[in-house]
Amino acid sequence: MSSDNSPKLPPDDDLRRLIHFSAGDGRIWLAGHRMLLLHLGGLANLRKELIQTIGVIQTRRVLKRAGYESGVRDAALARQVRPNANPMDQFSVGPQLHMLEGAVQVTPEMCEFDVETGSFHGIFRWDQSWEVECHLRDFGPQTDPVCWMLIGYASGYTSAFFGKQIIFRELQCAACGEDHCRIEGRPLENWSDADALMEDYQADSMLVRIEDLQADLESLRVSLAPSDDLGDLIGRSKAFEKSIALLRKAAATQVTVLLTGETGVGKERFARTLHAMSPRADKPFVAINCAALPNDLIESELFGAEKGAYTGAGTARPGRFERADGGTLFLDELGELPPAAQAKLLRVLQTGEVERLGATATRKVDVRVVAATNVDLDAAVEAGRFRRDLMYRLNVFPIAIPPLRERFEDIEPLANHMLRQFMVLHNKRVAGITDRALDAMRSYPWPGNIRELENLIERGLIIASPGQMVDVDDLFAVAPTPSASVTLSASGELKQATASDIDTLFDELQKRGLSLDALEDALIQQAVDRAGGNLSAAARSLGLTRPQLSYRLQKMSER
Ligand SMILES: [Zn+2]
């Protein structure tokens, strides 16, 4: 039994004599082992590039095993160099060679062991760790120890010296803000987390890696697969649940559905889900955006055309109605449909027959129509831009899809779902979204709704560092502040509202005899003026969508 509570290292002259520089043939020897003198800066760069290409965990494993192998080689020298020394001096060959090799300064704090029974317990102080020096320089302060190659060496040396698995771990590391590193070694079975400790020393076989990747892929697949028939529609807010309940009711029937909601709320997703939940699910889902096609093309797109029906119609082609036969036709931005097409659409809905442009006969189609609009159809009818009879025909079963700002509790599940999808798309992994970023998202008014959220999450994923969390700076150029209680100061600047601000504002309105309508008009006029007539910018400054602002401007002009 060798026990020493403050063991001193013996002189190392014997070890120094083992080193031979054989410059003539380009080799350096440590006893029988060929060594290499290389620049720490070069090794540091290799270490850094490893971390950046294969990640921290794989690099840690590779370096620990490399250190372990060096330790095993030095252990072979120990008894050979000091055959008659006491056990502690013999064991000290390892720490002393480690110093001689320039890896780290070792000071034993306690070390007791029994070669016969295989007991071992040692605590050593490390100063000047080369890995701490490199890691701090390249990556800054850490939360986990970074002396991977060094700890591998200590484990490999001690295990080989005693002929049994003895594993060291860092109790503290200078890379984590401590003054120095401190390591502790025990036989493997004496560590409670032995399996986890050994993991880094087990060689990565390609098969194991492939299995891991397959498991990753499977878990991604599970997380991407819809938990029920709602597909990409995700939410738990009351407003969302209400729309979904209506959607389920409509799906079971053949009723014509009108989806309403602001731009970007996901009307096409609702339409696709409605189709997928309906008895028509295995038949085609055909979508057409009425605002995206020029007026002279929309009719041939919808209803088809016979050969020669118009210039450029070289061959007969079916329209979307025919292609959707048996299934669902989704008419997006219905409010933009030109009057002639409105009349034809009404006829198809009434008769169930389409007539291609230039055709002499009609064709029977069985199509369920789902229409969507982000404009107020009632207003469009009043303004004479939309047929009243067509509106009645389509507005049988309206479903209002709430804007994102009315479903803040859905932002977190939506953002996480989108993040997982974009991780697959961009083949990049991040650890998630910080609470700070989620908070910021919940206090943002989302004029562009789900589509804007999607753009932001994609941008955040691209900007965030691999393996890290997506933070607020990755998402927003300027973090939003809660907008609920923002008001105008007397000098015309936005500031947090207080009860007394509201009082003052109200008094001012009273004093000037301003009505609410007049105030709204004034605010809108001011916003448009300040935006230099750019309606999109003016809408943003008022927290409105562009169509909402247009509607209010229209109302103003009618007053
Ligand atoms: Zn350390």
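Bear in mind these aren't lab numbers, they're just calculated from the coordinates by the rules spelled out. Keep in mind that this is a model prediction, so the values were computed, not measured. Note that each Cβ is placed from the backbone with ideal geometry, even for glycine, and that neighbours are counted across all protein chains shown.
Across region 31-70, Cα-Cα distances exceeding 13 Å account for 61% of all pairs. Taking max minus min of the alpha-carbon positions on each principal axis, region 1-110 gives extents of 47, 40, 19 Å, largest first. Residue separation of Arg34 and Arg385 scaled by 0.36 nm, minus their Cα-Cα distance, works out to 117.5 nm of gained length. Here each label is just a point 7 Å from Cα along the line to Cβ, and for Ala194 and Lys249 those points are 6.4 nm apart. Put simply, the C-alpha atoms of region 238-402 give a gyration tensor, and the ellipsoid matching it has half-axes of 27, 18, 13 Å, longest first.
When the Cα positions of Pro318, Ala400, Leu247 are compared along the charge dipole of region 238-402, Leu247 comes out farthest toward the positive end, with charges on each C-beta of Lys, Arg, Asp and Glu.
Where in region 260-333 are there chymotrypsin sites (Phe, Trp or Tyr not before Pro) that are in a DSSP coil and have at most 15 other Cβ atoms within 10 angstrom of their Cβ? Don't jump to the answer; show the numbers that get you there.
Values: sites: Phe270, Phe285, Phe303, Tyr310, Phe321, Phe330; in loops: Tyr310.
Here the sparse-neighbourhood loop sites are Tyr310.
Close amide H partners of Gln142, meaning residues 5 or more places away or on another chain with modelled amide H under 5 Å apart, are Cys176, Gly177.
Taking each residue as 0.36 nm, the span from Lys555 to Phe397 lengthens on full extension beyond its C-alpha to C-alpha distance by 54.2 nm. Each listed q (0.06, 0.08 Å⁻¹) maps to a log10 I(q)/I(0) for the chain from the Debye sum over equal C-alpha point scatterers, namely -0.56, -0.77.
Using the Cβ of Arg436 as centre and a radius below 12 Å, the other residues enclosed give a net charge of -4, where K and R count +1 and D and E count -1.
Could you calculate the contour length gain from Asn455 to Gln58, that is, 0.36 nm times the residue separation minus the distance between their Cα atoms, to one decimal place in nm? Let's see the in-between values first.
Details: separation 397, 0.36 × 397 = 142.92 nm, distance 3.22 nm.
My answer for the length gained is 139.7 nm.
Between Gly335, Ser536, Ala518, the Cα set farthest toward the positive side of the dipole of the chain (charges on each charged residue's Cβ, about the Cα centre) is that of Gly335.
If the only charges are +1 at each Lys and Arg Cβ and -1 at each Asp and Glu Cβ, what is the size of the charge dipole of the chain around the Cα centre, to the nearest 20 debye? Provide the component values of the computation, followed by the final result.
On the way: 64 positive and 78 negative charges, 416 e Å.
With only Lys, Arg, Asp and Glu charged at Cβ, the dipole is about 2000 debye.
Excluding the site residues themselves, the longest part of the chain lacking any GluC sites (Glu not before Pro) in a DSSP loop with at most 14 other Cβ atoms within 10 Å is 179-492. Computed over region 2-204, the range of Cα coordinates on each principal axis works out to 51, 47, 34 Å, biggest value leading.
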